[in-house]
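J.: After the structure tokens below, expect a handful of questions from me.
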Amino acid sequence: MKVAIFSDVQANLPAMETAVEHILAWHPDLVVMAGDLVNRGPSSLGCLELFDQLRREHGWLPVQGNHETWIQRCAREAPKTELEEQMRRFADWTYRQLRPRIAAMEHWPDHLCFHGGREDTWVHVTHGTMTSNRQGISANVPDEDLRDALPPDIALFVTAHTHRPLERVLDGTPILNVGSVGSPFDGDPRGSYALLELRAGRWRWKIVRFEYDRARAERDFRESGFIDEGGPLARILFEEWRRACLLMPRWRREYEPAVLAGERPLEPAVAAFLAALDRPATEHQG
């Protein structure tokens, strides 16, 4: 049995198209998209339409990520303040793009399980953990924080969300983080996905890194309106994609508190944050 699992496309259509081409050429028996197909990037509608086509023609299966959850929330709830409207403008931009097809995401499950024909080969796939689709599993998360977040009696737990590929073991249970197709955060701009094979009753797997047309992806960011119309935070998201590293925690730690307290306007705070990125950390100013 051959299974491909990918996640965190984040509306990067050129990366998704390349991953799809590679996966189809491998001829898997099952393909799972483990969440965050949309948002954070310019081509949410194109990615959703491509995935729907793959569901119809090849039976590919979805899992809901935190960004699908968030966009559906944006569809239900308007911003409560002017500042909230500014800070989530990129998500509302995504919602407007997806509005004609947003119903396609409504019944995506939070978790998906399959096995290879025996009870001791169960694989559990989710975007984060059993606790939340926003709880990521990285190398520095202590074991004790994960013991109640994984299901019992499985052969493999597959997760995503952190945008960093990872293999680790918790109390004998292998954990596989498939990384990100469209926006890795480990310093390597190549996308990633996982291939699993059942051999002699045991799962074997590997992480695949692949190159794609990043020049086309950057044009999509700039020409789609995502950066210009997505509000100030869209510029940080673009830099995360461009640098293949996570920047939002630094923004939230060093700049966002003053914005939320009304001490500093959002636009100039983002401009200062972006200007500080290439300066030594000791020179950063919140």
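The values are calculated or read from the model by the stated rules, or taken from the named source; none is laboratory data. Everything numeric in this text was worked out from a predicted model, so none of it was measured. Neighbour counts run over all protein chains shown; Cβ positions are idealised from the backbone, glycine included. Calculation scope for accessible area: heavy atoms of the full protein, side chains included, ligands and nucleic acids excluded. Shrake-Rupley method; radii C 1.70, N 1.55, O 1.52, S 1.80 Å.
J.: Got a sec? Which of F6, F51 is crowded, with 24+ Cβ neighbours inside 10 Å and touching a strand residue (DSSP E or B) at 6+ places or on another chain (Cβ under 8 Å)? Steps first, answer last, please.
T.: Details: F51 fails: crowded, with 24+ Cβ neighbours inside 10 Å.
Within the list F6, F51, the selection yields F6.
J.: While we're on this one: Within region 175-192, can you find the residues that are open to solvent by 10 Å² or more (accessible area, probe 1.4 Å) and over 16 Å from R243 (Cα atoms)?
T.: Once the filter is applied, which keeps residues that are open to solvent by 10 Å² or more (accessible area, probe 1.4 Å) and over 16 Å from R243 (Cα atoms), region 175-192 yields nothing.
J.: In this structure, does G172 turn out to be surrounded by fewer than 16 Cβ atoms within 10 Å (Cβ to Cβ), at pLDDT 95 or above and not assigned by the TED database to the domain that holds C245? Quick ask: steps written out before the conclusion?
T.: Values: surrounded by fewer than 16 Cβ atoms within 10 Å (Cβ to Cβ): yes; at pLDDT 95 or above: yes; not assigned by the TED database to the domain that holds C245: yes.
So G172 passes the test.
J.: If a residue counts only when it is out of contact with any Leu (no Cβ under 8 Å at 6 or more places or on another chain), at pLDDT 95 or above and among the charged types (D, E, K, R), which helices (runs of 4 or more DSSP H) contained entirely in region 185-286 have at least 3 such residues? I'd like the intermediate steps shown before the answer.
T.: Working: elements: 214-223, 226-229, 232-243, 248-254, 256-260, 266-276.
Where helices (runs of 4 or more DSSP H) fall fully within region 185-286 and carry at least 3 residues being out of contact with any Leu (no Cβ under 8 Å at 6 or more places or on another chain), at pLDDT 95 or above and among the charged types (D, E, K, R), they are 214-223, 248-254.
J.: Among the residues of region 144-155, what is the count of those that are surrounded by fewer than 19 Cβ atoms within 10 Å (Cβ to Cβ) and touching a residue at least 12 places away in the same chain (Cβ under 8 Å)? Please lay out each step first, then the result.
T.: First, pick out the residues of region 144-155 that are surrounded by fewer than 19 Cβ atoms within 10 Å (Cβ to Cβ): 144-145, 147-149, 151-154.
Within this subset, residues satisfying the condition of being touching a residue at least 12 places away in the same chain (Cβ under 8 Å) are 147-149, 151, 153-154.
The qualifying residues number 6.
J.: Filter region 179-230 down to the residues that are of a type in the set (G, A, S) and closer than 29 Å to E84 by Cα and list them by number.
T.: Step one: list which residues in region 179-230 are of a type in the set (G, A, S), which gives 179-180, 182-183, 187, 191-192, 194, 200-201, 215, 217, 224-225, 230.
Within region 179-230, S180, G182, S183, A217, S224, G225, G230 meet the criteria.
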